[in-house]
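Everything on this sheet refers to the single structure shown next.
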Amino acid sequence: MENTNYAPQTVYTLTARCRDCYRCLKACPVKAIRMKDGQAYVDAQRCISCGTCIRECPQHAKTYIQSLHEAKKILEENGAVAASVAPSFAAFFPGWQAGRLASALRRLGFEFVAQTSDAAYDVARASVEMAAKKGGATSICTACPAVVNYVEKYRPEFADKLLAVASPMIAHAARLKAGERKFDKVIFIGPCVAKKQEAARPEYAGIVDCVLTFEELAQWFDDEKIDLKNCEESGYDSGGAGFSRLFPLPGGMLRTAGIGTPAGDVKYIHISGPREVIQAFDTKGLDGFFVEPLFCEGGCINGPGVKTGGNIFEKRKNLVEYAGDMKGAAAEPEFNNDFLSRGEFTGACAVIQARYTEDEIKNILEKTGKSGPEDMLNCGACGYAGCREKAVAVLDGMAEIEMCLPYMRRLAEQRTDKIIETSPNGIVVLDRDLKIIKMNPAFKKFFSVSDSYMGSDISVIMDPAQFERLASGTAENIDSPVENAGGYSFHELFYALRQYGQYVGIFVDVTNSRHDREKLETIRVKTAGQAREMLDEQVKMSQQIAWQLGENMARTEELVKKLTELSGGGDAHGK
């Protein structure tokens, strides 16, 4: 699968944070997540940079290419730098903060601070007029780069329906560089991640020099110790007029353009969010409509490039309040068609879907135990809509066999059953009424029972006292001393599975071990007795030897005395 992708990867994974939860895969509207060894990688060729995975990842493992260092360098090296601020800023810097944002940007070093909505009116009018000239043919607005990416990569048959009109970001930056002041550099600031990729398109080279998200801007303020509370309230050097401040909301372009004039008889529809966008392209109902699509649900105020969460309705309220009373809004500016046109979209970077035979798909399905339609649960736990879609993803190299959770659960259960069935320990499982629901072969052997006892009360086989303790809640785990039953000696373990309303008994056969201990004890006692008997004999022998030595000494002494008397009548010492 190859395409002519026009920009470097924008969204990627911080692998150290990825926890194999499939959350990003489930959320990704185009399944651009490649699973490998339990890690979720973003496939740059498939990714449309919508940022949905960034919002959804609970571990913050999905992020986007950072441009803050580049922006700082631009301000350091260039004198005339302009900031183009997306009109959605009022949703993220509400109330008094919106009135001080321009001052904070000037403190960073921007010479000119303008709202991108300056170009919104022209983009809206140009889009409506171009749609009118197409004579009622389907026309799709191109202000949202994620939508453009989606059409080019996944729905190339609609590429010729995309209006050849530049987005407000591109049109505004081009105007700032070509105007009377001719700014050297323009940095766009907004909530959109896809804008980073849009600015990198070859046809827009050199127009927008850097794209920052509001999250990156907040980080920049922190780095420079700039607090909006300490900034004075000030206006923008150039700000949006009329309804253009509502451009980020669903239907905002149509409101900005002034529906019905001078476009003639054109049917309009606006949609937002991945689900609506994809469904719109899956239906023939778009025929003859002027379509304003925004890929983020709720519009640009729900873009992924913001650090703050918040209620989307609160954000909408903040934006509307900043826009003010539309009845008394400033007059619409004079229409300027400069810097708006662009080349036709071709769909040259379309994702090419490989085609597989039924046998190839069937082979993958069978590897997860899906040999028939009844096995196709289509549960979506893997992140794909159905088992077949997941099998195709495996063949594409985007998914792994092990991602099928029901299959892995069955494997785990089979392994568990195998362990229980082959365990040398007796295992019995009871329900909340202490009736037998499972016995392994070892338990049946120890207690001389058969499967006919299934469903019987445990008291039919043994004393239920320990199980009753578990059922009463007085104990969670019981480690019972060795008990004798049916000629066996057991070390008994009991525990409760409260979440399942079950109780487990494990009977460890220690019969042979006990016999061995008894034999050792007998040998020990016998050996000690023999040692004591030997010691007694040694003492007796010593005593006999001592007595014999003493008796011999006495006899010797008596003999010397007799010889002395016979020789001279003296004593033994010659006295």
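The values are calculated or read from the model by the stated rules, or taken from the named source; none is laboratory data. Note that the structure is a prediction, hence the values are computed from the model and not measured. We place every Cβ from the backbone using ideal geometry, glycine too, and count neighbours over all the protein chains shown.
For the criterion of being basic (Lys, Arg) and buried (at least 24 other Cβ atoms within 10 Å of the Cβ), LYS229 fails. When you scan region 463-472, do you find a residue that is in contact (Cβ under 8 Å) with a residue 60 or more places away in the chain, more than 30 Å from SER371 (Cβ to Cβ) and not in a helix (DSSP H, G or I), even just one? No: region 463-472 contains no residue that is in contact (Cβ under 8 Å) with a residue 60 or more places away in the chain, more than 30 Å from SER371 (Cβ to Cβ) and not in a helix (DSSP H, G or I). Close Cβ contacts (under 6 Å, 6 or more residues apart or on different chains) running from residues in region 345-362 that are under 15 Å from ARG201 (Cα atoms) to residues that are surrounded by fewer than 15 Cβ atoms within 10 Å (Cβ to Cβ) and modelled with pLDDT under 85 comprise ALA348/THR4; CYS349/THR4.
Per-residue answers, yes or no, for (1) out of contact with any Leu (no Cβ under 9 Å at 6 or more places or on another chain); (2) aliphatic (A, V, I, L, M); (3) surrounded by fewer than 24 Cβ atoms within 10 Å (Cβ to Cβ); (4) in contact (Cβ under 8 Å) with a residue 24 or more places away in the chain:
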| position | (1), (2), (3), (4) |
| --- | --- |
| GLN115 | yes, no, no, yes |
| LYS133 | yes, no, yes, no |
| ALA159 | yes, yes, yes, yes |
| LEU162 | yes, yes, yes, yes |
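In this structure, ILE437 does not qualify as among the β-branched types (Val, Ile, Thr), assigned to a helix (DSSP H, G or I) and modelled with pLDDT of 90 or more. Within region 345-360, the residues that satisfy the criterion of being at pLDDT 85 or above and of a type in the set (Val, Ile, Thr) are VAL351, THR357.
The residues listed here are LEU249, LEU217; of these, the one that is outside the structural domain of SER49 (by TED's automatic domain parsing), out of contact with any Phe, Trp or Tyr (no Cβ under 8 Å at 6 or more places or on another chain) and part of a loop (DSSP other than H, G, I, E, B) is LEU249. Among residues of region 6-29 that are closer than 11 Å to ILE54 by Cβ, those with a Cβ under 8 angstrom from a residue that is basic (Lys, Arg) and part of a helix (DSSP H, G or I), sequence gap 6+ or separate chain, pair up as THR10/LYS196; ALA27/ARG55.
Considering only region 268-319, state which residues are surrounded by fewer than 19 Cβ atoms within 10 Å (Cβ to Cβ), in a helix (DSSP H, G or I) and under 22 Å from the mean Cα position of the chain (by Cα). ARG275 - this is the single residue of region 268-319 that is surrounded by fewer than 19 Cβ atoms within 10 Å (Cβ to Cβ), in a helix (DSSP H, G or I) and under 22 Å from the mean Cα position of the chain (by Cα).
Within region 142-159, the set of residues being over 25 Å from ARG125 (Cβ atoms) and touching a Lys or Arg at 6+ places or on another chain (Cβ under 8 Å) comprises LYS153 only. Just for region 164-208: of the residues that are of a type in the set (A, V, I, L, M) and in contact with a Pro (Cβ under 8 Å, 6 or more places away or on another chain), which one is surrounded by the most Cβ atoms within 10 Å (Cβ to Cβ)? Selected residue: ALA194.
Here's the yes/no breakdown for (1) out of contact with any Ser or Thr (no Cβ under 8 Å at 6 or more places or on another chain); (2) crowded, with 21+ Cβ neighbours inside 10 Å:
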{"residue": "TYR41", "(1), (2)": "no, no"}
{"residue": "CYS50", "(1), (2)": "yes, yes"}
{"residue": "PRO58", "(1), (2)": "yes, no"}
{"residue": "TYR64", "(1), (2)": "no, yes"}
{"residue": "SER88", "(1), (2)": "yes, yes"}
{"residue": "SER103", "(1), (2)": "no, no"}
